[in-house]
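First up is the structure itself, then whatever we jot down about it.
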Amino acid sequence: MIDCLSRGVDDTHLIAAAIACLVRPRDMVVLSGDMGAGKTAFTIGFANALGVDSEEYVSSPTFNLVQSYTSGRIPIQHADLYRLSSRAEVEDLGLRELADMGSVVVVEWGDVASDVLGDALTVHLAHNDDADDERDITISVSGHGWDSRWDQLATAVRTWSVN
């Protein structure tokens, strides 16, 4: 587990960019945290780092459920599971299949469906009690998809690390 401190939205974007530099097609990135914790801000920084065209406005796909961004170096499927209430609804989205087709899948509120999503990098964002703009960000993995990149990831986010 890697613990980081974001002092504002710019730091959140930079942490996301550091992670984006290490992702590969078929990776699943699960974002968790309370409402307003910065999940969509993270996704914006992530998409920008992958070269998503500024014409493709990155926003929370709460009502669309899945938004595709294809102009970057790797296609991104951005999902939001907030409104889903069952495992079957999550399975119906086919997120693992989208990843298997070569996309990186970023899933907001994905912690509620980790058993469906499988191997993933999980980024938990939380409001910092000491400052309104700060976020505590914890990065962890399930499965072995990041084993060979874990040390690179720790180095990439070292600037914000509090370990």
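Read-outs: derived from the displayed coordinates by stated rules, not from any lab. Bear in mind that the values here come from a model prediction, so they are computed numbers and not experimental data. A quick note on method: Cβ atoms are made from the backbone with ideal geometry, for glycine too, and the neighbour counts reach across all protein chains shown.
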When residues of the range 1-12 are limited to those that are assigned to a helix (DSSP H, G or I) and in contact (Cβ under 8 Å) with a residue 12 or more places away in the chain, the one nearest to Val104 (Cα to Cα): Thr12
Total residues in the range 132-156, condition in a loop (DSSP other than H, G, I, E, B) and within 16 Å of Ile15 (Cβ to Cβ): 3
Segments classed as helices (runs of 4 or more DSSP H), wholly inside the range 13-116, with at least 1 members that are under 12 Å from the mean Cα position of the chain (by Cα): 39-49
Qualifying residue in the range 88-102 (condition: under 18 Å from Asp34 (Cβ atoms) and among the β-branched types (Val, Ile, Thr)): no
Lone unmet requirement of (1) outside any helix (DSSP H, G or I); (2) within 21 Å of Leu14 (Cα to Cα); (3) acidic (Asp, Glu); (4) over 17 Å from the mean Cα position of the chain (by Cα) for Asp129: (2)
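Okay, residues lined up against (1) of a type in the set (Phe, Trp, Tyr); (2) more than 20 Å from Ile74 (Cα to Cα); (3) in contact (Cβ under 8 Å) with a residue 12 or more places away in the chain:
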{"position": "Gly110", "(1), (2), (3)": "no, yes, yes"}
{"position": "Ala120", "(1), (2), (3)": "no, no, yes"}
{"position": "His124", "(1), (2), (3)": "no, yes, yes"}
{"position": "Asp129", "(1), (2), (3)": "no, yes, no"}
{"position": "Arg149", "(1), (2), (3)": "no, no, yes"}
{"position": "Thr155", "(1), (2), (3)": "no, yes, no"}
{"position": "Arg158", "(1), (2), (3)": "no, yes, no"}
